[in-house]
């Protein structure tokens, strides 16, 4: 079965390239992957990033922006690698959501 | 990660050899695009040998290194309604374990 991301050759419209300023959080996600993958840590590989992006459900894949997919993939890889537990991640997310906006 | 020859599998195909891309749908991170599986082409060049990204995607070493080839396909073979010149080609880099000899080639 074709993976949702594996779109080569499917009917599609014209590609319209656009530029945008990266938001600070997007730069942080990019930096996080570089730091996790640095040789002295070795906590994540580019191929793991891709595998966990490609594993996203099609509707989630479509809804997420580029760096949102990265963030979802980094979190999935850290769970798979045992860097943190699902419970620790869930509690941290709740803590962050409870912060004053 | 680079294309060194140490701990690499023997190269099975040479430039110009006719090959067919295997049809397989394993789960995980695959570098063989869906649209090219089952298609027939010819080796344009040998790119080197690299750790298998399908294994790296699970944080395994991906050794021995797999030879990687650039395979040239005819656009008219890939797309039945292709309207461009018959000489148009597309090149895709494919790992050796996705290739088999094209027994049907003339």
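In the range A:33-48, the qualifying residues are those that are in contact (Cβ under 8 Å) with a residue 12 or more places away in the chain and assigned to a helix (DSSP H, G or I), and the one that is farthest from residue A:72 (Cα to Cα) is A:36.
Scanning the range B:58-106 for residues that are in a loop (DSSP other than H, G, I, E, B) and farther than 13 Å from residue B:36 by Cα yields a count of 21.
The residues of the range A:73-101 that are touching a helix residue (DSSP H, G or I) at 6+ places or on another chain (Cβ under 7 Å) and outside any loop (DSSP other than H, G, I, E, B), listed by number, are A:73, A:74, A:75, A:76, A:77, A:79, A:86, A:89. For residue B:48, are the conditions met, namely being away from chain A (no Cβ under 11 Å) and more than 16 Å from residue B:96 (Cβ to Cβ)? So residue B:48 does not fit the description; no. Does any residue of the range A:24-32 turn out to be assigned to a helix (DSSP H, G or I), within 14 Å of chain B (Cβ to nearest Cβ) and more than 30 Å from residue B:75 (Cα to Cα)? No, every residue in the range A:24-32 fails to be assigned to a helix (DSSP H, G or I), within 14 Å of chain B (Cβ to nearest Cβ) and more than 30 Å from residue B:75 (Cα to Cα).
Would you call residue B:97 surrounded by 13 or more Cβ atoms within 10 Å (Cβ to Cβ), at pLDDT 95 or above and either more than 14 Å from every other protein chain (Cβ to nearest Cβ) or in contact with a strand residue (DSSP E or B) (Cβ under 7 Å, 6 or more places away or on another chain) (or both)? Working first, answer last.
On the way: surrounded by 13 or more Cβ atoms within 10 Å (Cβ to Cβ): yes; at pLDDT 95 or above: yes; either more than 14 Å from every other protein chain (Cβ to nearest Cβ) or in contact with a strand residue (DSSP E or B) (Cβ under 7 Å, 6 or more places away or on another chain) (or both): yes.
It is true that residue B:97 is surrounded by 13 or more Cβ atoms within 10 Å (Cβ to Cβ), at pLDDT 95 or above and either more than 14 Å from every other protein chain (Cβ to nearest Cβ) or in contact with a strand residue (DSSP E or B) (Cβ under 7 Å, 6 or more places away or on another chain) (or both).
The values are calculated or read from the model by the stated rules, or taken from the named source; none is laboratory data. It should be emphasised that the depicted structure is a prediction, and the values quoted were computed from it without experimental measurement. Glycine also receives a Cβ, built like all others from the backbone with ideal geometry; neighbour counts cover every protein chain displayed.
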